[in-house]
Amino acid sequence: MAEASNLLRAGDRAWIVDIAPDRIAALAAAARAQTWSALVEDVVPAARSIMFRAHTSSDMGLLADNVRNLLATTDTEASAASPERAPLVIPVRYDGDDLAEVASTLGMTVEAVVEAHTSAVHRVGFFGFAPGFAYIDGLPELLKLARRTSPRPRVGAGLVAIAGTQTVVYPGGTPGGWHLIGSTSEVLWDINAATPSRLSVGDRVRFEAVE
């Protein structure tokens, strides 16, 4: 359980609280469902923390009180904050430039790598690095690899890659040091859309192999 002492000030309008990774999605969802969420300009989950940014500095005291109360009650309230959405199925053509090397490094066949990746249920942990860059948790332990020693200077949109215990679908135009295992035609990040990202923190994801 997070303690009030973990509540740290970030500038004049935000609080940051350290949270166990497996509680972040539920806590962020619960915060957005509270009546006091009108005080909050943004809730920003990260790998091991959440930032709550107030609209004005005058709201900071009241926001701190509400966040502390949420931390004390989230175990019982977060699961009921909203119904969980069905997993988003992302079709993937497993033809990535690094797929053969990944299989060789792990001592597996390409088919076994694909089977392991598609059989797991993944979950969006947080966003970072660049707009639309979702860190998707749930990569099976047998596919765990360190990032590439030589990052690519630019990776195109829709390329699917793995590193550590996570998967990412590149939003496009960023450098990338993850291992490319495939590609998808699904557009998960569109800056011109009313809601640019199709993914939200806590969403479940399934990857499905296609030809």
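Values computed for the structure shown
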| read-out | value |
| --- | --- |
| Amide H partners (placed H, <5 Å) of Gln166, local residues excluded | Leu139 |
| Accessible area expressed per residue, the stretch 130-201, with surrounding protein chains retained (probe 1.4 Å, Å²) | 46 Å² |
| Distant-in-sequence amide H partners of Ala209 (H built 1.01 Å from N, under 5 Å) | Val92 |
| Accessible-area composition of the chain, carbon plus sulfur, in percent [1.4 Å probe] | 51 percent |
| Backbone HN-Hα couplings from phi across the stretch 56-69 [Karplus 6.51/-1.76/1.60, Hz, Gly and Pro as x] | 9, 5, 5, 8, 4, x, 5, 4, 4, 4, 5, 5, 4, 5 |
| Vicinal HN-Hα couplings computed from phi for the stretch 22-34 (Karplus, 6.51 cos²θ - 1.76 cosθ + 1.60; Hz; Gly/Pro x) | 6, 9, 4, 4, 5, 5, 5, 5, 5, 4, 5, 8, 6 |
| Gain in span if fully extended, Arg85 to Thr118, counting 0.36 nm per residue against the direct Cα distance | 10.0 nm |
| The stretch 121-169 pair-distance distribution - Cα-Cα, 5 Å bins, rounded % | 5, 19, 30, 28, 16, 3 |
| Per-residue ³J(HN,Hα) for the stretch 176-189, Karplus 6.51 cos²θ - 1.76 cosθ + 1.60, θ = phi - 60°, Hz, x for Gly and Pro | x, x, 8, 8, 6, 10, x, 8, 10, 8, 5, 9, 9, 9 |
| Cut-off under 5 Å, modelled amide H: who pairs with Ala134 long-range | Val169 |
| Normalised per residue, the volume of the convex hull around the Cα set of the chain (Å³) | 139 Å³ |
| Point-charge dipole on Cβ atoms (K/R +1, D/E -1) for the chain, about Cα centre, debye to 20 | 380 debye |
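The values are calculated or read from the model by the stated rules, or taken from the named source; none is laboratory data. Because the structure is predicted, anything quoted here is derived from the model rather than measured. Counting neighbours? That spans all protein chains shown, and the Cβs are built from the backbone with ideal geometry, glycine included. SASA here: full protein model, heavy atoms, side chains in, ligands and nucleic acids out. Shrake-Rupley method; radii C 1.70, N 1.55, O 1.52, S 1.80 Å.
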